[in-house]
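> This is the structure I have questions about; it appears just below.
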Amino acid sequence: MLTDPKLLTLTQWLSPAYPVGAFSYSHGLEWAVEAGHVTDAASFAEWLRDILEQGTGRNDTILMAAAYRSTPEALTKVDALACAFASSKERLLETQAQGAAFCKVTAAIWGHMPPALTYPVALGHAAATQGIPLDQTAVMYLHAFASNLCAAAMRLVPLGQTEGNQVLHQLAPICEAVVAAALPLTTDDLGGACVLAEIASMKHETQYTRLFRT
């Protein structure tokens with residue numbers, strides 16, 4: 001059976017085994033559960049769908065596409081914009097820490113990576129360097145993002161593994177739809193409407209009991 005080495009590279013980058021520490025972050029979900037906004041599979045699916053369609057999922061796709069298409073000189077501007085659109089201290093930590101970890105290990109294996117970038121910008125730049133198609137990169141990135149939050153929900157809500165994977169299966173087409181809509185856009189189109197999710201990331205900073213960094 002033949003396999004595509006570029007697809008396997010992308011799979012490796014977005015695997016739980018790739019040491020970016022994604023399992024440490026709940027993207028504000030931990031506070032949302034404590035506050036009673038997310039209580040079961042249905043409310044979690046609604047929460048995650050909004051983030052994908054109207055929040056971080058959409059914005060990260062736009063930023064990834066901008067990084068993919070950027071010259072090396074313009075890449076720093078895209079990265080600065082990604083930092084500016086992090087709505088809280090923890091959101092900034094999330095994207096910078098994962099991005100820096102991604103840059104470090106990717107540079108050690110493949111070379112040609114800056115020392116630190118925000119996560120979607122780092123992935124977009126790496127995919128361009130390795131000639132991996134942007135649409136595949138973005139869809140798999142969003143699916144990995146959703147998968148990580150599903151894993152967090154299994155522990156926090158709590159959801160069973162079957163329920164968590166049912167939500168992930170349900171939202172997989174949303175990842176494709178978000179990418180199809182966002183890839184033609186530019187950084188002028190950045191924005192969001194997930195106000196409660198942004199508040200959740202701010203409230204989590206002072207939450208008394210925490211399992212996750214965000």
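The values are calculated or read from the model by the stated rules, or taken from the named source; none is laboratory data. Since we're looking at a predicted model, the values are computed, not measured. A quick note on method: Cβ atoms are made from the backbone with ideal geometry, for glycine too, and the neighbour counts reach across all protein chains shown. Just so you know, the surface numbers come from the protein's heavy atoms only, side chains and all, with ligands and any DNA or RNA stripped out. Shrake-Rupley method; radii C 1.70, N 1.55, O 1.52, S 1.80 Å.
> Restricting attention to helices (runs of 4 or more DSSP H) lying wholly within segment 134-214, give those where 2 or more residues are free of Cβ contacts under 8 Å to residues at least 60 places away in the same chain and surrounded by 14 or more Cβ atoms within 10 Å (Cβ to Cβ).
Filter on segment 134-214 gives 134-156, 161-182.
> Please state which of the following conditions Trp31 fails to meet, knowing it meets all the rest: (1) in contact with a Lys or Arg (Cβ under 7 Å, 6 or more places away or on another chain); (2) open to solvent by 70 Å² or more (accessible area, probe 1.4 Å); (3) not polar (S, T, N, Q).
(2)
> Being within 17 Å of Met140 (Cβ to Cβ) and hydrophobic (A, V, I, L, M, F, W, C) is the filter; apply it to segment 52-84 and report the residue that is surrounded by the most Cβ atoms within 10 Å (Cβ to Cβ).
Checked segment 52-84; the qualifying residue surrounded by the most Cβ atoms within 10 Å (Cβ to Cβ) is Met64.
> When you go through (1) modelled with pLDDT under 95; (2) aliphatic (A, V, I, L, M); (3) over 22 Å from Pro133 (Cα atoms) one by one for Ala74, which number turns out not to apply?
(3)
> Moving on. Residues of segment 115-133 being under 19 Å from Gly21 (Cα atoms) and surrounded by fewer than 18 Cβ atoms within 10 Å (Cβ to Cβ), which ones?
Result: Pro115, Ala116.
> Just checking, which of Ser15, Ser26 is polar (S, T, N, Q), in contact with a helix residue (DSSP H, G or I) (Cβ under 7 Å, 6 or more places away or on another chain) and either part of a loop (DSSP other than H, G, I, E, B) or crowded, with 23+ Cβ neighbours inside 10 Å (or both)?
Values: Ser15 fails: in contact with a helix residue (DSSP H, G or I) (Cβ under 7 Å, 6 or more places away or on another chain).
It is Ser26.
Matching residues to (1) assigned to a helix (DSSP H, G or I); (2) closer than 16 Å to Ser26 by Cα; (3) under 14 Å from the mean Cα position of the chain (by Cα):
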residue	(1), (2), (3)
Thr61	yes, no, yes
Tyr68	yes, no, no
Leu81	yes, no, no
Arg91	yes, yes, yes
